[in-house]
1. Please tell me which of these pairs span more than 31 angstrom C-alpha to C-alpha: Lys6/Lys57; Lys91/Lys169; Lys22/Lys175; Lys22/Lys57; Lys91/Lys175; Lys57/Lys130?
2. What percent do you get for the relative contact order of region 53-97 when only Cα pairs under 8 Å and 6+ apart count?
3. Classify the chain as rounded, prolate or oblate from the Cα gyration tensor: take a ≥ b ≥ c as the square roots of its eigenvalues, call it rounded if a/c is under 1.5, otherwise prolate when a/b beats b/c and oblate if not.
4. Need one number: % antiparallel among DSSP beta bridges in the chain, to the nearest 5.
5. Just how large is the dipole of region 73-132 about the Cα centre, in debye to the nearest 20, putting +1 at every Lys and Arg Cβ and -1 at every Asp and Glu Cβ?
6. Determine ³J(HN,Hα), in whole Hz, for all residues of region 25-32 in sequence, where each value follows from phi through the Karplus function 6.51 cos²θ - 1.76 cosθ + 1.60 and θ = phi - 60°; x replaces Gly and Pro.
7. For Ser86, put the label point 7 Å out on the Cα→Cβ axis and report which residues of region 6-22 keep their amide N under 14 Å from it.
8. To the nearest 20 debye, what charge dipole does the chain have about its Cα centre, counting +1 at the Cβ of each Lys and Arg and -1 at the Cβ of each Asp and Glu?
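Each value in this text was obtained by applying a stated rule to the coordinates, not by laboratory testing. Everything quoted here is computed from the prediction, not taken from an experiment. Ideal geometry is used to build each Cβ from the backbone, glycine not excepted, and the neighbour counts take in all protein chains shown.
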Amino acid sequence: MSLIGKEVAEFSVQSYHENAFKPVTKKDILGKWSIFFFYPADFTFICPTELADLASKYDEFKKAGCEVFGVSCDTHFVHKAWHDVSDTIKKVNYPLLADPTHALARDFQVLIEEAGLAERGTFIVNPDGKIVVYEVTAGNIGRDADELFRKLQAAQFVASHGDEVCPAKWTPGQKTLKPSLDLVGQI
């Protein structure tokens, strides 16, 4: 079953962000774009490369009106410990959400029940709290922050231009398409 259009359930979790523990709730995501970037676990191998890649684009996400949340089933204490000892994770300046009860991983349907870990799932959530883009990748394949940012830009464009759609590899400023009877068979 598709998760497109699914509204994120009510939640309240702890985060590690800006050298502090802070609560994050559904209320915090409403009214702006959000990325939920699930990863299996702290102190692993592919995860820090992905989190650092995302950190390198965090300012661009923020300028686009989007908050980024890294999410694993670890506690906020583990997030802090990882941040304190890893030069790579010290570069992460967006909130790391703790999901030890698996509430978020279950709601986004990325929980690996038998392992108690999250799949490598990426979700773009619109200001109404609804999923508009998602992708789940095998645990041994890292993701790309540039492509995620492009997808965010496309989602934001179509949200404000309902009669236009974005073709493959679309970036802002490029030509979009207006679906119509005249366009059928012409692409």
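1. From Lys6/Lys57; Lys91/Lys169; Lys22/Lys175; Lys22/Lys57; Lys91/Lys175; Lys57/Lys130, over 31 Å: Lys22/Lys175; Lys91/Lys175.
2. Value for region 53-97: 53 percent.
3. Prolate, because a/c is 1.5 or more and a/b exceeds b/c.
4. 70 percent
5. Computed about the Cα centre, the dipole is about 240 debye.
6. Values per residue, Gly and Pro as x: 10, 4, 4, 5, 9, 6, x, 8 Hz.
7. 16
8. Dipole about the Cα centre, nearest 20: 420 debye.
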